[in-house]
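> Have a look at this one.
The values are calculated or read from the model by the stated rules, or taken from the named source; none is laboratory data. This one's a predicted model, so the numbers in the text were calculated from it and none came from an experiment. Note that we place each Cβ from the backbone using ideal geometry, even for glycine, and neighbour counts take in every protein chain shown. With ligands, DNA and RNA removed, areas are computed over all heavy atoms of the protein, side chains included. Shrake-Rupley method; radii C 1.70, N 1.55, O 1.52, S 1.80 Å.
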Amino acid sequence: LGALAASAGCGALPSAPSVGLRAMGLSFRNDLGNAAGLDKDGTLLDFNYALGAGYAVVGTVLSDPHSGNLFDFLGGLWRGNAWTPLPSSGGALNSLGLPSKGVEPALRNIAAFRERHGVPPQHAEHGRPAGDGGASFPVGVSIMGHPAHGDPADKLEGVLRCVRLCLPLADFIEINESCPNVHHGGGDGGDATAELRKRLEAIVAERDAAARGGGRRVPLLVKLGDLG
């Protein structure tokens with residue numbers, strides 16, 4: 001891993017298999033990439049690119065810094081986010097609670113990665129030729145309302161701010177509505193679905209307004225949990 005990480009900054013085009021996938025109007029060099037949660041702030045983009053990933057999702061990012069869920073360990077000698085591997089199953093458990101340095105540091109990392117490797121944002125309506133080497137490396141950003149914002153209006157405004165900032169740099173945006181270890185707020189029962197609809201309508205309107213103003217029409221995805 002150390003050798004791969006060191007090679008990530010060399011600027012050479014990875015010798016990754018390119019199978020020429022297209023989705024959402026975007027070109028992917030292959031169909032294997034990381035989901036949100038692995039690379040919280042875009043610091044692993046070089047690493048994933050050098051490994052030969054077909055795409056990457058940065059985040060989940062928040063409008064402001066957030067420590068996540070903090071727990072005391074070793075009798076209070078250490079305090080941090082909880083994560084443990086499950087070797088027998090190959091899985092893991094975590095209660096990280098969306099630690100984030102905020103949206104701005106993540107976007108600076110994405111911009112620097114794009115500059116280093118010559119990977120500009122894609123225009124979904126145009127795309128690129130299937131299998132267009134390293135340029136076919138979509139970078140998505142996962143966004144969620146800040147868990148510390150108790151007022152649904154404040155939380156939504158934080159999401160919309162993140163969307164506005166991410167639109168120039170993201171190839172696609174994921175709206176995270178299903179993180180299991182933070183409080184989402186916004187109503188209970190049937191009200192939750194109505195509030196979700198209102199949030200998504202506001203997000204789509206923000207995206208469409210930017211596109212009408214001359215920006216790219218960035219694809220939006222929604223990560224949903226159990227709405228029952």
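> Round to the nearest 0.05 the FRET efficiency obtained for Thr84 and Ala112 when R0 = 30 Å and r is the Cβ-Cβ distance.
With a Förster radius of 30 Å, E is 0.40.
> Stretched out fully, how many nm does the piece from Asp72 to Leu200 gain, at 0.36 nm a residue minus the Cα gap?
Answer, rounded to one decimal: 42.4 nm.
> Sticking with this one: Can you sort Glu201, Glu206 by 1.4 Å-probe accessible area, starting with the largest? Before the final figure, lay out the partial values.
Details: Glu201 110, Glu206 45 Å².
Ranked from most to least accessible, the order is Glu201, Glu206.
> At 1.4 Å probe size, with no ligands or nucleic acids counted, give the accessible surface of His149 in Å², nearest ten.
Per-residue accessible area (His149): approximately 50 Å².
> Leaving ligands, DNA and RNA out of it, rank Tyr55, Tyr49 by accessible area with a 1.4 Å probe, largest first.
Details: Tyr55 55, Tyr49 10 Å².
Accessible-area ranking of Tyr55, Tyr49, largest first: Tyr55, Tyr49.
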